[in-house]
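Presented below is the structure to which this report refers.
The values are calculated or read from the model by the stated rules, or taken from the named source; none is laboratory data. On a predicted model such as this, the values are computed, not experimentally measured, just so you know. Note: ideal-geometry Cβ built from the backbone for every residue, glycine included; neighbour counts use all protein chains shown.
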Ligand SMILES: [Zn+2]
Ligand SMILES: [Zn+2]
């Protein structure tokens, strides 16, 4: 099979030919139909995240069709369409795993980071961490639901029930969260890189009541904000426009350093928190909710061989919605 692999952080992915992976006990082997490109992949490629098992095939928003099953697989059958997300395995025994917080398991292994992912024609995954894909989505449209959707939704729930929600960075996750927020009757304020009028127009099109630059003041205070962009300076900027008792959620896996800020912008019971990874429960909840809203995803399709070009477009902020890799058939 063809795969795009990272051999050394800081370098381009290289096309490699590998034998098709065999499913071990409890694993499914899927033919990759589509795989989303997530900002986390950029952090792996750039070396911001330093525990990859090299060489690694990135990609953790896999929509695949089960091509073979290993011993003991009982959740899926050959031919079924499944999604494979970022959380690829957790220990099941530690206090986090036992209290519904497997996203914090210190032994957890992640798809496209320690387990070969979906930038390939085939992949294997532990059946316990895979999910059926709602029927109404095409392969490419479903891919961004698996990380931008799931972790976006976890971040959204951590932001609380306030009516006025700010989103910093209007990429794949924000374009999904805005739809759920509007469905639940909230007002969304979108913040982009200064001067990114294309992203601001996209945010308005998706229903944001206001869109502007991250250094602008929104017309109203926010009850909560979610920071998707990996820029630490956005944290004090978001706190400054968040109302008393409000919450600022850092949704990314990596962020540049946060500059120091005066205590008064945190005071009055504002909360700052991060969100890490996902649990299987998040996936079940979100994949049930998404078709109800219904969440629609905007995707830009690239051939698998163009993975480096897709990553470059994400890095440069040139995408509208999410990039998705599709192997050439
Ligand atoms: Zn554990
Ligand atoms: Zn991701």
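Yes or no, residue by residue, for (1) more than 21 Å from residue 83 (Cβ to Cβ); (2) in contact with a helix residue (DSSP H, G or I) (Cβ under 9 Å, 6 or more places away or on another chain):
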site: 124; (1), (2): no, no
site: 133; (1), (2): no, yes
site: 150; (1), (2): no, yes
site: 164; (1), (2): yes, no
query: Looking at region 87-104, which of its residues are surrounded by fewer than 15 Cβ atoms within 10 Å (Cβ to Cβ) and part of a loop (DSSP other than H, G, I, E, B)?
result: 91, 92, 93, 99, 100
message: Please go through region 48-63 and give me each residue that is closer than 11 Å to residue 5 by Cβ and within 16 Å of the chain's Cα centre (by Cα), ordered by number.
response: 58, 59
message: Given the condition touching a residue at least 40 places away in the same chain (Cβ under 8 Å), outside any helix (DSSP H, G or I), closer than 18 Å to residue 176 by Cα and within 16 Å of ligand 1 (Cβ to nearest atom), answer yes or no: does some residue in region 105-126 qualify?
response: no
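Quick one: which strands (runs of 3 or more DSSP E) sit completely within region 209-314 and have at least 3 residues that are closer than 19 Å to residue 167 by Cα and at pLDDT 95 or above? Steps first, please.
On the way: elements: 210-213, 222-227, 242-250, 271-274, 299-303.
Ranges flagged: 210-213, 222-227, 242-250, 271-274.
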- prompt: Could you list, in sequence order, the residues of region 315-329 that are surrounded by 15 or more Cβ atoms within 10 Å (Cβ to Cβ) and either on the phi > 0 side of the Ramachandran plot or assigned to a loop (DSSP other than H, G, I, E, B) (or both)?
  reply: 317, 319, 320, 321, 327
task: Give the number of residues within region 89-132 that are farther than 22 Å from residue 29 by Cβ and within 16 Å of ligand 2 (Cβ to nearest atom).
output: 1
task: Scan region 41-86 for residues that are in contact with a helix residue (DSSP H, G or I) (Cβ under 7 Å, 6 or more places away or on another chain), in a loop (DSSP other than H, G, I, E, B) and farther than 21 Å from residue 145 by Cα and report the count.
output: 3
field: Members of region 14-40 that are within 16 Å of ligand 2 (Cβ to nearest atom) and in a loop (DSSP other than H, G, I, E, B)
entry: 38
